[in-house]
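In what follows, a structure is listed as structure tokens, so that the remarks can point back to it.
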Amino acid sequence: MEAHINNIQRFSIHDGPGIRTTVFFQGCNLQCQWCHNPDTIPAAPVFRFQDHRCLGCGACVHSCPAGALQWKERPFWRGDLCTRCGSCQAACPAEACSLSSTAMALDAVVETVRRDKPFYDASGGGMTCSGGEPMLTLDFLYTLLSRAKALGIHTAVDTAANIPWEHYARIIPVTDLFLVDYKAEGEAVHRSATGGGNRRIRDNLRRFADCGVPVTIRIPVIPGVNANGTEITTMAEHLWDIRFAGTVELLKLHHWGEAKYKALGRTYPLAGVEPPGDGEMEQFRDIMLGRHLNAVIG
Amino acid sequence: MIQPTTAGKVIGLQLPYDMEELARLLVDEAVDKIANKPVKATTLERIRLFTEADDTVRGMPQPLQYGHGLTYVLERIAQPILPYDLLMGRITEEVPDPEGEAYFQELCLRYARKPLPWDKGTQPFWVFDQGHTSFYWRDVVTHGLSGLQARAQRELDRRATEGADGETLDFLTGAVLVYRAVRTYLRRYADAARQAGMPEAAEACANAAERPPQTFREALQMLWAIMLIYCSMLAGNPTLTYGRLDQLLYPLYRKDLEGGRLTREEAGLLILDFYCKNNLIMGRGEHQLSIGDDSISTGWQRNLNFDAPQYLILGGSDEAGNPVSNDLTQLFAEQIHPRFKNPVIVVQYTRGMREQFPAVWRALVRNMRESASLMVYNDADVTAAYIRAGADPEDAVHYEHYGCNWPCLPGMDAGGSNHRFMWEKRILPDESAKLENADFWAPAPGGLVGELMAVIDAVPKGEEPPDIDFFYDRFLARFRDFMCRKYVHALLERKVLYREAPGILQFQDCFCKETIQRAKSFLCGGSKYYTITQSHGGFATLADCFTTLDALLYQEKKLTFDALREAMTHNFQGYPDIHGLCNGVPKLGSDDALSNTHGRRLLTLLTDTVYAIQREYTAQGHPPILVKQCIETDTGHIRLGKALGATPDGRLAGMPLSQNSQPSLGASTAGMTARLRAMAQLPFERILSGAQNLSIQPRIFAGEKGLELLSALTSTYFELGGLQLQISAVDVSELLDAQRNPDNHRDLMVRITGYSAVFVDMIKEAQDDIISREMSAV
């Protein structure tokens, strides 16, 4: 069994409790403007190029058996021709060319995750599956979570909740914690910012709250989307309405993913957008606290 | 009997300050001295007194010169006291006026030691203590100075009755004089304290002079007096270790608490003062990297202690292997201030320490997070390595470390460079100096990595080595040849020392385990073990070279040997593709299977080679020499790297090698857990010391959550078998700003190797190295 894995990040400390290993899956069914892993959005791996590393040797172009790379002062990639064979990545001596993910066998992923078990045990950590949207690779995800559980490793799934509930129902028995993104309450705002509606997400949030499974809701606070008192209040009221009892993490916008857009040859949609100030973040947290939610600034 | 306290006032210590104010005064003075002590400050009075003493002892046998000379100094040297002193013991430092400076320079030339051009020398030739050691403190605390003196006197009387030779009797007579001189110094301080209206301090000094310490305060007072004399008046660059004070002093501490003589808070203040006093004697500068630059180097001649810290050991096990941390361990940890340089706290981690002693471990981790001068060693590793090296198990468990990061069996081992110092002091005849000049055991330029490069250079052009074992076999043959020569040199050195200098006396001889009973200096038969150190410097670079050769030539077959060597010869200039391939091979610290394998294999082979040499020579009837195998470079990784061209791992010519037991800079790309796990899987149960500096970004480990993460991370590393860890938590932006605006960052401390340095006192090359290291922080 294989899946396209973008990265396996050891010593991950922001995706669930304790010291964790986060497995990033390829593919997502939303396109959030602020996404800091834009290379994980397409369903298939995409070509990444870091021009500051390039030696100009052309090895990538010469190595491509499908003619998907042409040299136009830099390698120019044709996704429609690319077979994702990885020849360019292997040929590049400077690690300037790469594909956004590699087809990895389940055993290899489990082996990497297993290595840090002593650190998980000591810190209350474990494995987090993220992405992209890991729920889109359901069979692999389910088996990976099951294998981790069998090894005594705490499991978490980071999801945008934009997946049919039946899929979540399948993995709940092997998932100790869900990290669920919640981006906006208004349908139009959500659609504009993420490329998708939020009806199913809102519905899934209610189901998560109803079934009592451990959930942390994570709200990226984005100017122009939800970084205003009105939107945050509406979101807080929804969470209160569905009797959500878990933690709500408010995550300030950051631009750490900007370089990845450049590597994809894309323009970063939120370039230059000023993140909310600390005072604003505290105000938003207080709005949540005022609705008796367990809100923290993450 | 000290009466119960009233709230907030230090009644038990009888001082006119409340605790908070007293702590502030102590810390303020210490931190100010570390950052702002004038570079030209010197202990001129000490130099003058030793010069006078030299005139009075001329013509005597060396041990008597030492005993009478030290007596002369300690009977006269000034004994300053400040109103907030709890422990007595300061030395006067001053910036000499032009006349004083001229006098100082003249004295420096009088005792010049030519082989050390930076050290003009201010000590008479009968003083050649050179520190880097630990005493047998257990006897010192148990018997006190008076008891030790009585023991030496009994040995002297017995041997005199038995008709021992004059040399032996002189040695013991000198030792008795040394104890007596230290006691005189304490008695004088008792009088001075009494006159200053400080009766409790006076009583502690007087009692410490006359009997074994009966209280926690008396013990600390005695230890501080011994340390001050040794580090400020006798030994250049001393780095003397205090030993396991949480164990040695715990019975007295508990007795004081149970008897109502002292509260825990008051004991804490005494420890704080003890720490502060240690910082007051530090000189400015950074001894490894600022040598020769007078603007920042104080030189040993100005301040004997220089910037060398003392070590203080906490935690560890008893002889039955049981962990023995206690409330005093925690108290010593709680009193550490992150801006202190001295002493360096060395924690001996015992299995399960985080769970078994949660409060102790938490206090220690809190200090690590603040970049305090603190390091942790894995008790299981070091004890096992000492036993493998040839120490008896009952001695191995008492191992300690002294600066900078070297292992020792306190009061029981000797050897190494001591011979050189005695020759420089003209204690030994010129004949023995030939040993010093004998460079027949010198390693290749670049150390072990240089040995591998010699193997690579020797391969005939056009010949393709068949497999990676080709390189291992030839490298190990060269290493074995080098080690044999080094071992033979040590045997010769030992022979010369034992034959030529058995009657010499140093301060240390009075505080070793068996020197008095054997009536011989610890260097010349008075200690149980004769030792040398073999440090496998640049280990990770070496392992990376093997890994890269194996990966590119044999596993992946991406290169020919000739092509690789050709690229290295040209420092990879014009060969970006080959350079990229070399850089792309996962290195030690990435937790990659191939680099892990080569790391384990290499360290096993290196250590096995040394063990085999020890066995072979001992079997031939030579006296045993305990080889202390370490992975320690201090800052030598920069020097070693400068001597080397490009290497197979992609390292460019002249660049530093890996430092201490750390991965090569930038080699660890798979995250902190991967790095720690990869390093912990090395067979460290063969290695006695080697610093693993872990640079962290302070914000990652902020708050209670961050503290718990760091606690889990570090304890797991040790549970997995990691050898040593010290944490450096500095913002790179602060370092960069300190380079631009040094005056704004006078108190910015950075971890080096088993010691800390004021960043702005380091030369730029060293600052840049630190910045590179910190930029790789997680």
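Assorted remarks:
- Test result for B:Glu566, under 34 Å from the mean Cα position of the chain (by Cα), at pLDDT 95 or above and either surrounded by fewer than 23 Cβ atoms within 10 Å (Cβ to Cβ) or within 14 Å of chain A (Cβ to nearest Cβ) (or both): no
- Any hit, segment B:513-527, residues being within 14 Å of another protein chain (Cβ to nearest Cβ) and touching a residue at least 24 places away in the same chain (Cβ under 8 Å): no
- Residue within segment B:35-51 that is in contact with a Ser or Thr (Cβ under 7 Å, 6 or more places away or on another chain) and hydroxyl-bearing (Ser, Thr, Tyr) present: yes
- Looking across segment B:367-388, just one residue is among the basic types (Lys, Arg) and modelled with pLDDT of 95 or more, and that is B:Arg388.
- Out of A:Gln33, A:Gln9, sole residue that is touching a residue at least 12 places away in the same chain (Cβ under 8 Å) and closer than 30 Å to A:Gly125 by Cβ: A:Gln9
- The number of residues in segment A:83-108 being more than 24 Å from B:Ala593 (Cβ to Cβ), buried (at least 21 other Cβ atoms within 10 Å of the Cβ) and away from chain B (no Cβ under 14 Å) comes to 1.
- Subset of segment B:18-43 (residues that are in contact with a helix residue (DSSP H, G or I) (Cβ under 6 Å, 6 or more places away or on another chain) and either within 25 Å of B:Gln105 (Cα to Cα) or part of a strand (DSSP E or B) (or both)): B:Lys33, B:Ile34, B:Thr42
So that you can scan it fast, the table gives a plain yes or no per residue for (1) over 16 Å from B:Lys520 (Cα atoms); (2) assigned to a helix (DSSP H, G or I):
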{"residue": "B:Ala152", "(1), (2)": "no, yes"}
{"residue": "B:Leu156", "(1), (2)": "no, yes"}
{"residue": "B:Ala164", "(1), (2)": "no, no"}
{"residue": "B:Leu169", "(1), (2)": "no, yes"}
{"residue": "B:Thr173", "(1), (2)": "no, yes"}
{"residue": "B:Tyr189", "(1), (2)": "yes, yes"}
{"residue": "B:Ala193", "(1), (2)": "yes, yes"}
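- Residues that are assigned to a loop (DSSP other than H, G, I, E, B) and of a type in the set (S, T, N, Q) within segment B:639-693 comprise B:Thr647, B:Ser658, B:Gln659, B:Asn660, B:Ser661, B:Gln662, B:Ser664, B:Ser668, B:Thr669, B:Gln681, B:Gln692, listed in sequence order.
- Residue pairs meeting the criteria (Cβ under 6 Å; at least 6 apart or on separate chains; first touching a residue at least 12 places away in the same chain (Cβ under 8 Å) and among the β-branched types (Val, Ile, Thr), in segment B:183-195; second surrounded by 18 or more Cβ atoms within 10 Å (Cβ to Cβ) and part of a helix (DSSP H, G or I)): B:Thr184/B:Leu74
- A:Gly79 being under 23 Å from the mean Cα position of the chain (by Cα), buried (at least 19 other Cβ atoms within 10 Å of the Cβ), assigned to a loop (DSSP other than H, G, I, E, B) and away from chain B (no Cβ under 13 Å): no
- Check on B:Gly446, within 25 Å of the chain's Cα centre (by Cα), of a type in the set (Gly, Ala, Ser) and modelled with pLDDT under 90: yes
- Filter result for A:Glu73 (within 14 Å of chain B (Cβ to nearest Cβ), more than 30 Å from A:Thr247 (Cβ to Cβ) and either over 19 Å from the mean Cα position of the chain (by Cα) or not in a loop (DSSP other than H, G, I, E, B) (or both)): no
- Yes/no for B:Thr633 being under 30 Å from A:Pro93 (Cα atoms), of a type in the set (Val, Ile, Thr) and in a loop (DSSP other than H, G, I, E, B): no
- Restricting attention to segment B:633-676 and to residues that are polar (S, T, N, Q), within 14 Å of another protein chain (Cβ to nearest Cβ) and crowded, with 19+ Cβ neighbours inside 10 Å, the residue that is farthest from B:Leu553 (Cα to Cα) turns out to be B:Thr673.
- Scanning segment A:54-70 for residues that are within 14 Å of chain B (Cβ to nearest Cβ) and touching a Lys or Arg at 6+ places or on another chain (Cβ under 9 Å) yields A:Cys54, A:Gly56.
Conditions tested, residue by residue: (1) crowded, with 18+ Cβ neighbours inside 10 Å; (2) of a type in the set (D, E, K, R); (3) within 14 Å of chain A (Cβ to nearest Cβ); (4) touching a strand residue (DSSP E or B) at 6+ places or on another chain (Cβ under 9 Å).
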| position | (1), (2), (3), (4) |
| --- | --- |
| B:Phe572 | yes, no, yes, no |
| B:Gly580 | yes, no, yes, no |
| B:Leu588 | yes, no, no, no |
| B:Gln614 | yes, no, no, yes |
| B:Ile625 | yes, no, no, yes |
| B:Ile631 | yes, no, no, yes |
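- Matching residues in segment B:334-363 - criterion: being in a helix (DSSP H, G or I) and either in contact (Cβ under 8 Å) with a residue 40 or more places away in the chain or aromatic (Phe, Trp, Tyr) (or both): B:Glu334, B:Met353, B:Arg354, B:Val360, B:Trp361, B:Arg362
- Of the listed requirements (1) within 14 Å of chain B (Cβ to nearest Cβ); (2) in contact with a His (Cβ under 6 Å, 6 or more places away or on another chain), A:Tyr120 misses just one: (2).
- Residues that are in a strand (DSSP E or B), polar (S, T, N, Q) and under 27 Å from the mean Cα position of the chain (by Cα) do occur in segment B:516-532.
- Yes/no for A:Pro17 being within 22 Å of A:Asp181 (Cα to Cα) and either within 14 Å of chain B (Cβ to nearest Cβ) or assigned to a strand (DSSP E or B) (or both): yes
- Restricting B:Glu258, B:Glu334, B:Glu319 to residues that are modelled with pLDDT of 95 or more, surrounded by fewer than 24 Cβ atoms within 10 Å (Cβ to Cβ), away from chain A (no Cβ under 14 Å) and over 29 Å from B:Glu704 (Cβ atoms) narrows the list to B:Glu258.
- Among the residues listed as B:Leu682, B:Leu665, B:Leu694, the single one being at pLDDT below 90, under 26 Å from A:Glu111 (Cβ atoms) and of a type outside the set (D, E, K, R): B:Leu694
- Whichever residue in segment A:137-160 is surrounded by fewer than 20 Cβ atoms within 10 Å (Cβ to Cβ) and out of contact with any helix residue (DSSP H, G or I) (no Cβ under 7 Å at 6 or more places or on another chain) and, among such residues, is farthest from the other protein chains (Cβ to nearest Cβ): A:Asp139
- Being more than 14 Å from every other protein chain (Cβ to nearest Cβ), under 24 Å from the mean Cα position of the chain (by Cα) and at pLDDT below 90 is a property that B:Ile687 lacks.
- Considering residues of segment B:704-746 that are in contact (Cβ under 8 Å) with a residue 60 or more places away in the chain and farther than 30 Å from B:Arg686 by Cα only, the residue farthest from the other protein chains (Cβ to nearest Cβ): B:Arg746
- Of the residues making up segment A:20-53, those that are within 14 Å of chain B (Cβ to nearest Cβ) and in a loop (DSSP other than H, G, I, E, B) are A:Gln50, A:His52, A:Arg53.
The values are calculated or read from the model by the stated rules, or taken from the named source; none is laboratory data. Model, not experiment: these values are computed from the prediction. Neighbour counts are summed over all protein chains in view; Cβ atoms, including those assigned to glycine, are modelled from backbone coordinates with ideal geometry.
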